1. Relative to the first principal axis of the alpha-carbon coordinates of the chain, what is the inclination of helix 125-140, with its axis defined by its Cα atoms, in degrees from 0 to 90 and to the nearest 10?
2. Put a dot 7 Å past each Cα toward the Cβ at Ser50 and Ile20; how far apart are the dots in nm?
3. Could you work out [θ]222 nm for the chain from helices alone, using -39500 (n - 2.57) per DSSP H run of at least four and dividing by all its residues? Round to the nearest 500 deg cm²/dmol.
4. Using a simple charge model, +1 on the beta-carbon of Lys and Arg, -1 on the beta-carbon of Asp and Glu, nothing else, what dipole does the stretch 2-147 show about its Cα centre, in debye to the nearest 20?
5. What share of the DSSP beta bridges in the chain is antiparallel, in percent to the nearest 5?
6. Let me check I have the definition right: for the chain, take the eigenvalues of the Cα gyration tensor, multiply each by 5, take square roots. What are those semi-axes in whole Å, largest first?
7. At 0.36 nm per residue, minus the direct Cα-Cα distance, what do Gln27 and Asn78 gain on full extension? Give it in nm, one decimal, please.
8. Counting pairs of alpha carbon atoms under 8 Å apart in space and at least six apart in sequence, what relative contact order in percent does the chain give?
Amino acid sequence: MRFLQAGEQQLIALDPDRQILRQLVQQAGFTCKITQEERRVVLEVRAQDSDEPLLLFDALDAANLGWFSRCQFYVDGNSGVVLQTPLLLANYYDGGKPARDCLLVSLSTELPVGFRLPGRQNLNEQAVYTLLFNLLNALRDTGVAVCGRQGIRPLAGANLRI
């Protein structure tokens, strides 16, 4: 982790280790392709050996209330931002439809100095690794809620229309 000055703005620059990211993704039961971009790292994560969709569900659907009440992560359906994290989700499209076992997870590597994780936890690579691992486990086990219906398409749940 480094601190950067961009004009008047101070930034935290994360430098996640690609090998650690790959190991975390594999421990969570996914395969991944990692792409380094200028201000983010993009992981294409695909569930290993699973015919079930990832548990990314529509929080607005009343039939999914049981999942919503126990989920740990919420995604802004318009932007894909995983709330209170430096992570962003996007659907992976295969043949014009969202793949039900694959997502793109972006990790922002430049954030404002004042950025805080839930519980006012300071931002560092270790905290991001933990968040990523927990998010991937939630996508397999407990569910992740999509709040809004503009950009991200749910992959599981009642009344699913892909």
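1. 0 degrees
2. According to this spin-label approximation, the distance is 2.4 nm.
3. Values: 3 runs with 32 residues, N = 162.
-6000 deg cm²/dmol, from helical runs alone.
4. Numbers: 13 positive and 17 negative charges, 51 e Å.
It works out to roughly 240 debye.
5. Details: 32 of 40 bridges.
Of the beta bridges lying entirely in the chain, close to 80 percent run antiparallel.
6. Values: eigenvalues 145, 62, 42 Å².
Its equivalent ellipsoid spans semi-axes of 27, 18, 14 Å.
7. 15.4 nm
8. Numbers: 316 pairs, mean separation 53.8, N = 162.
Reported as a whole number, the value is 33 percent.
Computed from the coordinates by the stated procedures, all read-outs in this text should not be read as laboratory data. What you see is a predicted model; the values in this text were computed from it and never measured. Cβ: placed from backbone, ideal geometry, glycine included. Neighbour counts: every protein chain shown.
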